[in-house]
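Worksheet: the structure to be examined is printed underneath.
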Amino acid sequence: MIECFDYLERKQRVIHFNFVIMKEKDAYVDFEPQQLIMYVEKEDGTYGPIQTGSYISKNYLDDFWEKTVRLRSMLLDKLKKNEITSIYFYKLIHDFNDVELSRRTGISVRRVKKHQKVDCFKRARLSDLRKYAYAFDIPVSNLLQTIVVGEEEQNPDIESEKRQVKVKQSRTENPFLVITKIDLNT
């Protein structure tokens with residue numbers, strides 16, 4: 001942890017840093033999937049690198065994914081009820097704001113806001129939908145459809161032990177056509 005004290009002294013800016021050094025025993029995290037290198041004070045008083053697990057990944061990553069699944073499920077329900085548009089759905093999933101989406105698509109912020117309204121979405125031009133699809137890295141068809149496989153989308157906690165379903169969408173030379181392939185592995 002770095003503490004920074006900033007103050008003016010004789011019309012000159014002086015910055016003082018106080019470093020808090022982490023001890024080796026405090027830095028070690030038992031998390032094999034994500035390892036990192038940290039420089040710490042070792043038990044013998046020297047400083048050097050140690051390999052350890054990520055504290056954030058170990059303690060917070062599952063919570064993040066759980067919240068993401070719940071958000072996606074809630075937004076999908078709203079999309080089904082025609083309360084939001086697919087542009088708004090993907091904007092929230094990708095964590096874009098209106099200005100960022102405007103920059104990524106080349107569409108004015110005013111029109112981006114309009115396209116997020118249910119009444120105005122149906123008047124969106126196909127060329128604009130292509131720009132949104134490119135910004136979201138999805139086929140244009142996904143702005144007009146949602147693929148749900150079994151009960152997993154409704155209840156993501158269900159583990160299907162009997163079979164695995166893989167859905168793959170491939171782009172074609174035609175920007176308005178995508179091939180959706182569903183493989184059932186039993």
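Laboratory data are not the source of any read-out in this text; all were calculated from the coordinates shown. The model shown is predicted, which means the values in this text are computed figures rather than measured ones. Here Cβ is always computed from backbone atoms with ideal geometry, including for glycine, and neighbour counts include all displayed protein chains.
Please rank Ser57, Ser86, fewest neighbouring Cβ atoms within 10 Å first, as an exposure proxy. Spell out each step's value before the answer.
Values: Ser57 16, Ser86 22.
Arranged by neighbour count, lowest to highest, Ser57, Ser86 become Ser57, Ser86.
In this rough spin-label picture, where each label sits 7 Å from Cα along the Cβ direction, the Thr68-Leu144 distance is 2.9 nm.
Here is the link list: Lys117/Lys168; Lys67/Lys114; Lys81/Lys122; Lys42/Lys67; Lys122/Lys181. Which ones come out longer than 26 Å on Cα distance? Don't skip to the end; give the middle numbers.
Working: Lys117/Lys168 30 Å; Lys67/Lys114 28 Å; Lys81/Lys122 15 Å; Lys42/Lys67 37 Å; Lys122/Lys181 28 Å.
Violating the 26 Å limit, Cα to Cα: Lys117/Lys168; Lys67/Lys114; Lys42/Lys67; Lys122/Lys181.
Over segment 56-101, the fraction of Cα-Cα pairs per 10 Å bin, rounded to whole percents and listed from the shortest bin up, is 26, 41, 26, 6. The protection proxy used here, the mean number of other Cβ atoms lying within 10 Å of each residue, ranks peptides 90-99, 131-140 as follows, highest first: 131-140, 90-99.
What FRET efficiency, computed as 1/(1 + (r/R0)^6) with R0 = 45 Å and r the Cβ-Cβ distance, is obtained for Asn185 and Lys42, rounded to the nearest 0.05? That gives a FRET efficiency of 0.40. At full extension, Ser57 and Asp26 could sit 9.5 nm farther apart than now, given 0.36 nm per residue minus the alpha carbon distance. Here r is the Cβ-Cβ distance between Lys122 and His94 and R0 is 22 Å; the resulting FRET efficiency, rounded to 0.05, is 0.50.
Maximal additional length on extending the Glu173-Lys114 stretch stands at 18.3 nm, based on 0.36 nm per residue less the C-alpha distance. For the pair segment 99-151 and segment 40-70, the centres of their Cα atoms are 37 angstrom apart.
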